[in-house]
Amino acid sequence: MDLINSQIGYAISILLVVCTTMYYYNKKKISDKVLFQEPPPKEDCPICMLPMPHSLGVCGVTTIYMSCCGKMLCSGCALATREEIKEGNMKKLCPYCRIPIADEDTLQQYEKRMRLGDAEAYMQLGVHYRDGDKGLPQDINKTIELWQKAAELGSCKANYILTEMYSSGEIVEMDNLKCIHHMTLAAIGGHENARYDLGIVERHVFGNIGKSMKHFIIAAKAGYDKSLKEVGEGYKAGLITKDEYAATLRAYQVSVDEMKSEQRTKAVHNDDIQTKEMMFPIRQRQEDQ
C-alpha cells in the first residue's frame, strides 16, 4: 500500500509540474528565435585572457569575484595569486587592480559596485546574508531580494540559483512556474547547466525530443560534457544527423580547449579555490539519478 501511495504521489507531482510549465509556456512563452539564438560569448579572465564558462564547474573552471574592481578571475589565476602571496613573491593585492585585499573592506566595496549596477556584487552580498558571515546577520529574505535584483540586471547565474531555489522548496515554497521562468532566462543568458536542464524538461515533461536536442546541442557546443553525451545518444537514436553530431563534437572540443590550462587543472584539486554561490544541491541530485 505504501508503494502504491508513493507512486500516486509521484504521479500527482509530475502532473503539477506539467500543468504549471504548460501555463508558463502558454502565457509567457518566449519565441523559439530568442530561445535558440546563439548564447552570449564567454567572459575572458582578465589575467590569463582565457574564456570562463557562464556556469560554475564547466570544464572544471570556477570563478572568483573581486569586490575591489568587480572583475571575475578564473580559479587558475586565483590559485596562482594565492600561491605567490603565500610564498612572499607578491603583496596581498588584487592581481588586476592592485588594490590591497582586506576582508574588512569587502562590504563597502560591494555597496560601491552595486551603485554601479554590478549584478555580481548583488549576488555575492546575497551569499553573505545567506551564510550570516562578514558580520552580517543570516537573512534569507534579504538574500532572495539581492539575488532577484541580480537576475533583473541580467545575471544568468542569479537566474539559475533562483531556479534551484524554487525547484528545491528548501527555504521557499516550491514554485514550478518561477523555476521554469528563471531556468529559461538563465539558459538564454548562456548558463550551460540551465540549457541542459531545459533539454531535460522538454524531453521528460513535454515529450518534445526535437527541442530537447536543440538545447543539448547548444550546451554541448559551449563545452558541457553531459549535454554532449545526450547529443551522442540522440545521434545513435537517429534524432540528429551525422553532420549535426560532427559539428557539435568539433565545437565542444574547441570550447574545452579554449578553457583549458595547466593552472586551471591544478585549481580543480584545490579546496581553497571555490565559490559559495551554489546553495542548493539540485545539480548533484540530478546527476545521481
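Values quoted throughout were computed directly from the atomic coordinates according to the rules given, and no laboratory measurement underlies them. Predicted model only: the values in this text are computed from it and were never measured. Reconstructed Cβ throughout: ideal geometry from the backbone, glycine too, with neighbour counts over all protein chains shown.
By the rule of a C-alpha distance below 29 Å, with chain neighbours fewer than 8 residues away ignored, the lysines paired with LYS29 are LYS42, LYS149, LYS157, LYS178, LYS211, LYS214, LYS221, LYS226, LYS229. Ordered by the number of other Cβ atoms lying within 10 Å of each residue's own Cβ, fewest first, GLU83, GLU164, GLU38 fall into the sequence GLU38, GLU83, GLU164. Panel order for PHE216, PHE206, PHE36, by other beta carbons found within 10 Å of each beta carbon, from fewest to most: PHE206, PHE36, PHE216. When peptides 88-99, 248-259 are ranked by their average number of other Cβ atoms within 10 Å per residue, the highest-first order is 248-259, 88-99. The C-alpha atoms of segment 216-269 occupy a region whose extents along the principal axes are 39, 17, 14 Å, arranged from largest to smallest. Between the beta carbons of ALA247 and HIS269, assuming R0 = 30 Å, the FRET efficiency works out to 0.35 to the nearest 0.05. Fewest-first ordering of ASP118, ASP32, ASP44 by other beta carbons within 10 Å of each residue's beta carbon gives ASP32, ASP44, ASP118.
In the calculated pair-distance distribution of segment 62-104, the portion above 15 angstrom amounts to 37 percent of the Cα-Cα pairs.
Farthest toward the positive end of the dipole of segment 66-135, out of SER75, CYS94, HIS128, is the Cα of CYS94, where the dipole comes from beta carbon charges about the Cα centre. The dipole here belongs to segment 111-265: it is taken about the Cα centre, uses +1 on the Cβ of Lys and Arg and -1 on the Cβ of Asp and Glu, and is about 360 debye.
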